[in-house]
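Before any comments, here is the structure.
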Amino acid sequence: MSIRERLSGNEAVATAMKQINPDVVAAFPITPSTEIPQYFSSFVANGQVDTEFVAVESEHSAMSACIGASAAGARAMTATSSNGMSLMWEMLYIAASSRLPIVMNLVNRTVSGPLNIHNDHSDSMGARDSGWIQIYSETNQEAYDNFLMANRIAEHKDVRLPVMICQDGFITSHAIENIELVEDDKVKAFVGEYKAPWALLDANHPVSVGPLDLQAHHYEHKRQQAEAMKNAKKVIQEVAAEFEKMTGRKYDLIEKYMMDDAEIAIVVLNSTAGTAKYVVNQLREKGIKAGLVKPRVFRPFPVDEIADALKNCKAVAVMDKADSLNAASGPLFAEVTSAMFVKGVTSPKVINYIYGLGGRDVKADDIETVYNRLSDIVKTGNVGEVYNYLSVRE
Amino acid sequence: MSNKYDIVKPNVKWQDITEGGIMEQPGNAKQFNTGDWRSMMPVWHEEKCKQCLLCYPVCPDASVMVDKETGKMIGIDYEHCKGCGVCTKTCPFGAYDFVENK
């Protein structure tokens, strides 16, 4: 029997970490992810895990320690937010290019400035090209479940890439919800032991890690990394199928909500998808054919699945909780429309809404204005402004 | 573990190159000829050498060659000597000249 609990997102992830019992956790506190290493360090102090907890002096050191530990053959984890991940920046790329299966919980928070501790996706979106797999979580349950699946994906022989599990700062990380935990022994069996294919501490098979890699080989290594990211799509689905067998909870690359006959749809990540589902239910009661697409996986980007999900819509709004500040759109819009275009899905009208930056509350009414705008576009055929800020004071 | 050392060549395909650029064989710096970086070169004069071996530990490129059997200095490995000249400064007996590389 699974365990019924009520936990915040941070507690849920710290619990998942405890159940996985990794070899090394190296972390530095930053709001709103601080509680994860805080709870975890109490598990270490209480002897509930065997983990070596490294209390580092910065996030750059946190990721460096994870890289060192992972290269040594250990299972290594961390958690951070916002500017903390900004400080990890150069090490993010090195972790990915060195093919080290590190798992990180990123509690999404806006990257300052202006100085702000609240939620948006500017941290993870900034790191979208760093070579990390990115999986987003709508709820505490999803943050927990995604974290339990992360090692299996990262450590798979066809992938060998670091994984970032994202959850919304405060909204998910600090809100307490009901949650179903998996029993410790089942987690242990599901996640399994980590056997590194090579390790710095394996004295019988010495290796050098992170050598200078110039014109002769760097390009081939990047191509190899690209292949690993392509392979990750299938592995994420396989791991999700196994997870479903264990828990009954179904996950895929994207989640489609009321999309079978949807004429208008919103594409949105993380917790706002929950608010949008509520709005979809209300609109459906009025007979409006509204739907929702929630990309669970952003890296690798589910090009085929997103294009296929939207192909019968008349109008689509892609919602970005981060702006690319390119005078054109947010990053999710750019990638969704690119996916639609290359797959020949060109009939839906598509608009972009930037929303909720710096933790601005996005209510059901705000989401409803987006669906209303889509209904107007369907009625009039007039798209109007593509690049919009939702509910900004003006 | 497979030894992929022999395939790390300029023409290796991405499918065959080691993951993340790891090198699976130790001591492979020997395969990298740094001797052609040299603009100055040390010249060792055996007749002036007292076999004190002070030059041996200071060489940053392990290019002072010592015979394993006799323990005596036998010459300079010009395939790896970068011509830094530390050996010539260290020698108390003037057994080295430091001249333009030819």
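So here's what we get for this one:
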read-out	value
Rounded to 10°, Cα long-axis angle of helix A:218-247 versus longest principal axis of chain A	80 degrees
Separation of alpha-carbon centers, segment A:118-175 and segment A:326-394, rounded to whole Å	24 Å
Proximal aspartates and glutamates relative to A:Lys18, as straight alpha-carbon distance under 13 Å, when same-chain residues fewer than 8 apart are discounted	A:Asp50, A:Glu52, A:Glu183, A:Asp184, A:Asp185
Long-range amide H partners of A:Tyr389 with built H, under 5 Å	A:Ile354
Fraction of the pair-distance distribution of the protein assembly as shown above 27 Å, Cα-Cα pairs, percent	62 percent
Among A:Leu374, A:Leu214, A:Leu357, residue whose mean-square fluctuation peaks in a GNM of chain A (springs only between Cα atoms under 10 Å)	A:Leu214
Table column - 3J(HN,Hα) (Hz), segment A:103-113, Karplus curve with 6.51, -1.76, 1.60, x for Gly and Pro	10, 10, 9, 9, 8, 4, 9, 4, 7, 5, x
Chain A: most fluctuating residue of A:Met229, A:Met63, A:Met85 per GNM, C-alpha cutoff 10 Å	A:Met229
Cβ neighbours within 10 Å from other chains - mean over B:24-33	2
Taking the C-alpha atoms of chain B, convex hull volume expressed per residue in Å³	132 Å³
Sum of -39500 (n - 2.57) over DSSP H runs of 4+, divided by residues of chain A (222 nm, nearest 500)	-12500 deg cm²/dmol
Amide H contacts under 5 Å for A:Ala26, placed H, 5+ residues apart	A:Val54, A:Met77
Crossing angle, helix A:9-20 versus chain A [Cα axis fit, 0-90 degrees, rounded to tens]	40 degrees
Lysine pairs meeting the criterion (Cα under 14 Å, 8 or more apart or interchain), as found in segment B:1-96	4
Rounded to whole Hz, the Karplus (6.51, -1.76, 1.60) HN-Hα couplings of segment A:301-306, x for glycine and proline	7, x, 4, 5, 5, 5
Most mobile listed residue (A:His217, A:His174, A:His156) in chain A, GNM with C-alpha springs under 10 Å	A:His217
Ranked list, fewest to most other Cβ atoms within 10 Å of each Cβ, for A:Thr380, A:Thr275, A:Thr369	A:Thr380, A:Thr369, A:Thr275
Under Karplus coefficients 6.51, -1.76 and 1.60, residue-wise ³J(HN,Hα) of segment A:248-260 in Hz, glycine/proline x	x, 9, 9, 10, 9, 5, 10, 10, 9, 10, 6, 9, 4
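Only the coordinates and a few stated rules stand behind these numbers; no lab work does. Since the model is a prediction, treat every value here as computed from it, not as a measurement. So basically every Cβ, Gly included, is an ideal-geometry build from the backbone, and we count neighbours across all protein chains shown.
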